[in-house]
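Asks: Shown below is the structure under consideration.
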Amino acid sequence: MIAQQPALRLVALGLAIVSTLGTAIAQQQVLQPVNADHLRTSQVLGIPSSHCGHVINLLLHNRVRQQAGHLSGTPQIQMAHLSVPLTPGDLELLCVHLVCDGDETKGPVFQVSLRNNSQIPIGDFRVSLVGVRGQIHVHSPTATVHVPRLEAGQESQLRIQLPVTCMAMGLVNQQAPFDTLIVAVDSFDELLECDELNNVQILKRCNIGLLVAEAEEVPVADSVPVPSTPAPSAPSATVPAVPEKVAPSPLDEIDVDKLGLETAQGAAVRKR
């Protein structure tokens, strides 16, 4: 009986190791939502799923979390003689920008930026936008998109358009556009996360910034000096040259014939 105890301990240790390896392998897979069947059921039954009841539930759950002080936590998987901490992932809503405003024929388009702060990919979750005027109700204009996959550490931008009904809300004689936008990532609360409160933002419509597209830099060519070509001048009329007047020289008045050069030359010979 005593000899069997080491064998039982080895078996228990082997089972713990196998369970730990199975947990590690499971963490490498894409996280799938656990409550996705109700959407398929609604489609089969023909029930419209454009209401925002899921966002209202998410807001209520977050309110309970805030009041209870459970902002984040690290659940642990307890095993026999072994405690394996399992840190869930985190999907974070970063910011929201207005792409183009709505009018009487179309709803506004918003760009939602989100990031997967997990060390593993996540997928098959939903992002919802709700236009609210005053107080949210189940029939508030809602748009929901499906995100099939988001890699570990990846940031993504989604452009979502609200229904045109958000531009005329309220009573028939008191209709006005929505004044508040509610944005929720993982809006059906289907993913296990360490921080659930960074999934929702309640924004005043007047405070949502307009998305500014980055201006493309136009390459500037190097300036090369271009030789200037002189403009052709008009042909000028030919003017005949006028001889300049020369002042008379005193030598012009001397008469060579009257100088008596022969007498002077003979006198010079005689002196020699």
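The values are calculated or read from the model by the stated rules, or taken from the named source; none is laboratory data. Keep in mind it's a predicted model, so treat the numbers as computed, not measured. For neighbour counting, all protein chains shown are included, and Cβ atoms are generated from backbone atoms with ideal geometry for every residue, glycine included. Heads up: the accessible areas ignore ligands, DNA and RNA and are worked out on the full protein's heavy atoms, side chains in. Shrake-Rupley method; radii C 1.70, N 1.55, O 1.52, S 1.80 Å.
Asks: Can you order the peptides 106-113, 170-177, 198-205 by their average number of other Cβ atoms within 10 Å per residue, highest first?
Replies: So the peptides 106-113, 170-177, 198-205, ranked by packing, come out 106-113, 198-205, 170-177.
Asks: Also, I was wondering about something else. Averaging the inverse of every distinct alpha carbon separation and then flipping it gives the Kirkwood radius. What is it for the stretch 127-192, in angstrom units?
Replies: Answer for the stretch 127-192: a Kirkwood hydrodynamic radius of 13.4 Å.
Asks: Keeping every protein chain present and rolling a 1.4 Å probe, give me the accessible area per residue for the stretch 94-224 in Å².
Replies: Each residue of the stretch 94-224 exposes 55 Å² on average to a 1.4 Å probe.
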